[in-house]
Amino acid sequence: MPEFLQEDSPFQVFLSFKKYLDVLEHIRYNDRLEYRVNYAESVIQRFKKIPELCEGSQDFSLLTKHKELISMLLADLFPTGLTHNEIKAASIPFTDITFNYTERFRKILSDAGHNFVLEFRDMSNDEMYVLCCCIIIQVYFKKDVKITIPFYYDIPDQHGILRHYKITVNSDFSEIAPINKNKLPNDKEIDVLLENLDDLSLWKKHFPPQSWTLKGFNIFSLIDCTTEVALSDLKSTMIQIDPENPLPNENLQEIFKSYFDVAQLNFGLMLMDHQHQKLEKLPIYENVFSNYLLDFWINLYDEKMQKTAFQNLKYNPKPIVISDVDHFDDEIQNAPNFSVLAKNNIKSFMVIPIVHEGEVLALMEFTSEIAKSFNGLKLKKLDSLSDILVFSLNRFKHERDNQIEAIIQREYTTIHNSVIWKFRNEAEKYFNASLQRKLYTLREISFKNLSPLFGVSDIRSSSDKRFQLMLDDLNEQIDYLHKLFSSSNFLENEKYILALDVFENELNHDFKADTEQRFQRLLREEIHPLLQAELEIRSTEAIKDYFSRVYAVNSLFYSNRRNLDESITLINRKITDILDESQAEAQEIFPHYYERFKSDGVEHNLYIGQNLNPSIPYTSKHLSELRYWQLKTICKIEHEFENFTKELPISLEIASLIFVYNERIDIRFRMDEKRFDVDGAHNSFYEIIKKRLEKAKIKDSAERITSPGKITIVYFGMENQKEYLGYISRLQKMGILKNNVELLRVEDLQGASGLLAMRVSLAFNFKL
């Protein structure tokens, strides 16, 4: 028995031909052609004898048992004259059960092999479940859902070339009904569902498994769109070409096979190094590129001949297409150059220069062991790829140059790699002016219309902790001095004991702003000189031990506060290490400006926008991806800190916050401070809010918006709320965050009101 494609489904599926039999009933009583009436009546009478095929059955063996009758029923839908042209079959909805194939479809499946199974392309079980629910909403609830997701089958042909077929479905002969009409979602609940397509648990709450019936059958047709799909795959793959990617897409060869319809195909690519006038390999793509002809070219000729060939190519960048190498005359076939073709059994090939604005960027080769695989028509197909090839290669070279620049910057300068180009432009203008003995004033470096991202991992209550540890240190010091004076016969013992008692009472009950300073003065001017004088007279271990505990800088005991400082330093270092390491991933999304600052915790700023990198196309998608990266990185910081905190001298907590700001801002490089800062009075609003958020409270509450073990996200509107709930949902599914989200209002801040916030707890049992 075939299995459901979707084991966990909102449907109970039944095979039924009732709706199509209703069509025949109409023909029976209304058609004027007698033969059609007789045909309809005959089929209807035969089906009446098999009521389960009319009313609905889950006994799918009936399809085999009544194969000829079903074929007769569907004769109008499957015309014999089109059976060798159309790729069509019937199916039981949302199952892998298909029947009544056209002859062309039957041959396609036969060529694919006995073990081949039809499967939707790039469709997970969860996505299928939600799709089924959307169909219910569209069909039963009459909502304009506009399901436009294309479905594809990938089927290999007899030569092993993977062909791609787009699926169109006619569901006129199926019907959907709820099992329990009392538990249907209302309009508001449907709207919420459509806003949360990734929340499978929410969909299952309103559309439980097996809660709807689906009766009938579908007619589906396939359209061969191999070229279009392969072209799309090629473009996607080309965009992903990355000099840092150690695992290039090795399916590229299979995609080219489908695109050119060539079963045995190899291809290669080398960049043109114009500076050194030679071809340049891409080492990380050795497993993808064959480079038979290009390798031969760079290895056969000496440097002089290579440069000559390079110059010829530069001025005459024409493609070479050879359909069948056996058509070469004997003189060519016996030439040394021909040996590479014979050695690699190459019978047909193309060598194509990739040209942009008159400059050859690269050479691409295609070779095949099958004669006549390539011709002028195959070369013409590359026209559709020319733009993306140029884009990908320019991007590759650009990113490679960026990496080289990054090394220089990392080793020799502190200016961030995302903005170095603008400093370099100004420096070049200054240098060129100096060569011409002209004066040139360096212009201010600024970037406009950038989207900011701000986050902070703040050490919670560090000031209170520092104050308490100060009291602990001072009380410990006073206790030690008490013991010294009580057990020794110093002059004026009682005077100092009384003074210590006064300070002890003040420390613990009436602390003043200058208490610590006055205690320091007493130590430096009176007590410590007295103890040092005593130590010179006779060596006392108690006094030696006392001075070993004294911090020379301020004459105070400082061990507890030193442990706190060390703990804060270790925390800051840990956080900055995680941020800096994660930046490699963030910069791949889109190159952006990044900075961080340490205090009692670490705050970071990111600025992203087209003006930072004019040569790379920028869209709002890059901002969304960077926002998700930021949230994920904050989660990583929290998880790492949870394990790291056990190793600290002083136990501390951190509370993390993200501020979402939708308005664009400008940044300007401050020459006096050698760093970027937000520019202009109209952008100061952003900085003001940032500084006030960490200690902000929940509206009408004394509770702060930040909390240890939770991530707080502050934003202005519902659009941001929806966006971040989506990010949170992804991290919840990964087990990084708990399934509890608090939606809060932030107290009105000076100059800012209407702020919203959400908090979500970390799932610390998860290992990143």
Round to the nearest 10 and give me the degree value, 0 to 90, for the angle of helix 462-487's Cα axis relative to the longest principal axis of the chain. 30 degrees
Can you give the calculated 222 nm mean residue ellipticity of the chain, where each DSSP H run of n ≥ 4 adds -39,500 (n - 2.57) and the sum is split over every residue, rounded to the nearest 500 deg cm²/dmol? -14000 deg cm²/dmol
Using R₀ = 30 Å, calculate the FRET efficiency as 1/(1 + (r/R₀)^6) where r is the Cβ-Cβ separation of Ala584 and Leu377; round to 0.05. 0.10
Compute the length gained on full extension between Leu471 and Glu595: take 0.36 nm times their separation in residues and subtract their Cα-Cα distance, giving the result in nm to one decimal. 41.1 nm
Got a sec? How would Tyr607, Tyr35, Tyr593 order by Cβ neighbour count within 10 Å, fewest to most? Tyr35, Tyr593, Tyr607
Can you figure out the FRET efficiency of Tyr140 with Tyr35, using R₀ = 41 Å and their beta-carbon distance, to the nearest 0.05? 0.60
Could you tell me how many degrees, from 0 to 90 and to the nearest 10, lie between the Cα long axis of helix 684-693 and the main elongation axis, the longest principal axis, of the Cα atoms of the chain? 70 degrees
For the residue pair Asp565 and Asn125, what label-to-label distance in nm results when each label sits 7 Å from Cα along the Cα-to-beta-carbon direction? 5.8 nm
Using the basic label-point model (7 angstrom from Cα toward the beta carbon), what is the Ser548 to Glu494 distance in nanometres? 3.4 nm
FRET efficiency (Ser684, Ser461; Cβ distance; R0 30 Å; to 0.05) is 0.55
State which stretch of the chain is the longest one without any exposed GluC sites (Glu not before Pro), exposure meaning a DSSP loop state and at most 13 other Cβ atoms within 10 Å. 493-662
Can you tell me the relative contact order of the chain? Whole percent, Cα pairs under 8 Å, sequence separation 6 or more. 9 percent
Listing Arg466, Arg538 from the residue with the fewest other Cβ atoms within 10 Å to the one with the most, what is the order? Arg538, Arg466
Rank these for me by crowding, Thr712, Thr515, going from fewest to most other beta carbons within 10 Å. Thr515, Thr712
How many times 2.2 N^0.38 Å is the alpha carbon radius of gyration of the chain? 1.38
Stretch gain in nm, segment Lys181-Ser61, where the contour uses 0.36 nm per residue and the Cα spacing is subtracted: 40.1 nm
What pairs from Lys636/Lys691; Lys281/Lys381; Lys48/Lys143; Lys166/Lys215 go past 28 Å between their alpha carbons? Lys48/Lys143
Pairwise label distance in nanometres, Asp111 with Arg521, each label 7 Å out on the Cα-Cβ vector: 9.9 nm
Any chance you could list P(r) for segment 462-556, counting all Cα-Cα pairs in 5 angstrom bins from zero, rounded to whole %? 2, 11, 25, 27, 19, 9, 4, 2, 0
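No lab work stands behind these numbers, since they all come straight from the coordinates. Keep in mind the model is a prediction, meaning the values are calculated, not measured. Methodologically, a virtual Cβ is constructed for each residue, glycine included, from the backbone with ideal geometry; neighbour enumeration extends over all protein chains shown.
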